[in-house]
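The values are calculated or read from the model by the stated rules, or taken from the named source; none is laboratory data. Just so it is clear, the model here is predicted, and its values are computed rather than measured. So basically every Cβ, Gly included, is an ideal-geometry build from the backbone, and we count neighbours across all protein chains shown.
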Amino acid sequence: MSESKRLRELIAKGRKLFQDKTCMLCHTVRGQEGIGVVGRFLAQHREFAIYAPATLRESLAGLIDEDGCMRTRPDRGGLDGFFAARLIRRV
């Protein structure tokens with residue numbers, strides 16, 4: 001199973017699990033694939049948005065991108081490639 005398909009399935013399950021909650025986290029080891037999956041999810045589920053408050057951006061300075069997602073790469077900081085997005089349900 002591809003990383004993209006697995007992430008789509010996890011987000012779909014998370015959406016059901018978090019129906020009454022405000023936040024869920026999704027992550028993958030492939031950043032470009034991750035933002036594409038999250039973007040498609042957000043386009044289909046307008047009740048969710050990426051949530052990256054200033055305190056998170058400050059504490060993870062250099063790791064949070066302009067989309068509000070966390071990305072690491074071996075060529076920047078020596079960390080493995082990783083992607084994470086914190087999603088919040090709009091109320």
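One table, with the values for the structure above:
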| read-out | value |
| --- | --- |
| Cross-chain or 6+ apart pairs with Cβ under 8 Å, the stretch 51-65 first and in contact (Cβ under 8 Å) with a residue 12 or more places away in the chain, then of a type in the set (Val, Ile, Thr) | Tyr51/Ile88; Ala52/Ile64; Leu56/Ile64; Leu63/Thr72 |
| Residues satisfying the stated conditions in the stretch 69-83, i.e. within 14 Å of Phe41 (Cβ to Cβ) and either modelled with pLDDT of 85 or more or of a type outside the set (A, V, I, L, M, F, W, C) (or both) | Cys69 |
| Wholly within the stretch 41-91, strands (runs of 3 or more DSSP E) carrying at least 2 residues that are in contact with a strand residue (DSSP E or B) (Cβ under 8 Å, 6 or more places away or on another chain) and of a type in the set (Gly, Ala, Ser) | 82-89 |
| Unique residue being surrounded by 14 or more Cβ atoms within 10 Å (Cβ to Cβ) and free of Cβ contacts under 8 Å to residues at least 60 places away in the same chain when the list is Arg71, Arg40, Arg76 | Arg71 |
